[in-house]
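Undergrad: Supplied in structure tokens, the structure appears directly below.
The values are calculated or read from the model by the stated rules, or taken from the named source; none is laboratory data. Only a predicted model underlies this, so the values are computations on that prediction, with no experimental measurement involved. Here the Cβ positions follow ideal geometry from the backbone for every residue, glycine too, while neighbour counts run over all protein chains shown.
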Amino acid sequence: MIQVELKKVRFHAFHGLYDEEKKAGNDYEFNLFVNWEPDELITSLSETVNYAKLYELVKAEMIIPRQLLETLLMELAEKIHEEFPFVKEINMSVTKLNAPIINFIGSTSVTYKKTY
């Protein structure tokens, strides 16, 4: 099994249910792990998951505001699988670094794992 990873990728985006989140946005940290089993020795970029392309897919989805992070992750998993149909497992999390909760110190996160 091979795993390609994007770790601690930062974005400013406008996801959320509340008007303040939709206007001011929030800072997010994104982690993505993509796994597959190659049939033979990988010798070129076209035979693997291109992490630059993964980043572009994540970036494109992060700029589309959504009320729920769960929606973001589930839709992104489908985009990744469309681009790389040989992928067997996608595991990702998105962390809202400044949750809009009074007197809350910390972060909130949603994780999604999809097996194909």
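Let's see how each residue does on (1) at pLDDT 95 or above; (2) surrounded by fewer than 16 Cβ atoms within 10 Å (Cβ to Cβ); (3) not aliphatic (A, V, I, L, M):
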site: Phe11; (1), (2), (3): yes, no, yes
site: Tyr18; (1), (2), (3): no, yes, yes
site: Lys23; (1), (2), (3): no, yes, yes
site: Tyr28; (1), (2), (3): yes, no, yes
site: Phe33; (1), (2), (3): yes, yes, yes
site: Asn50; (1), (2), (3): yes, yes, yes
site: Tyr55; (1), (2), (3): yes, yes, yes
site: Val58; (1), (2), (3): yes, no, no
site: Ile63; (1), (2), (3): yes, yes, no
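Undergrad: Is the stretch 76-86 home to any residue that is among the acidic types (Asp, Glu), surrounded by 13 or more Cβ atoms within 10 Å (Cβ to Cβ) and either in contact with a strand residue (DSSP E or B) (Cβ under 9 Å, 6 or more places away or on another chain) or closer than 14 Å to His15 by Cα (or both)?
TA: no
Undergrad: For the stretch 39-53, which positions are out of contact with any strand residue (DSSP E or B) (no Cβ under 6 Å at 6 or more places or on another chain) and under 18 Å from Glu89 (Cα atoms)?
TA: Asp39, Glu47, Thr48, Asn50, Lys53
Undergrad: What's the number of the only condition in (1) touching a residue at least 40 places away in the same chain (Cβ under 8 Å); (2) assigned to a strand (DSSP E or B) that His12 fails to meet?
TA: (1)
Undergrad: Further question: Are there strands (runs of 3 or more DSSP E) fully within the stretch 24-116 with at least 3 residues that are in contact (Cβ under 8 Å) with a residue 40 or more places away in the chain and among the aromatic types (Phe, Trp, Tyr)? List them.
TA: 26-36
Undergrad: Take the residues in the stretch 4-51 that are among the small types (Gly, Ala, Ser) and out of contact with any helix residue (DSSP H, G or I) (no Cβ under 9 Å at 6 or more places or on another chain); name whichever of them is nearest to Ser109 (Cα to Cα).
TA: If we take residues in the stretch 4-51 being among the small types (Gly, Ala, Ser) and out of contact with any helix residue (DSSP H, G or I) (no Cβ under 9 Å at 6 or more places or on another chain), then Gly25 is nearest to Ser109 (Cα to Cα).
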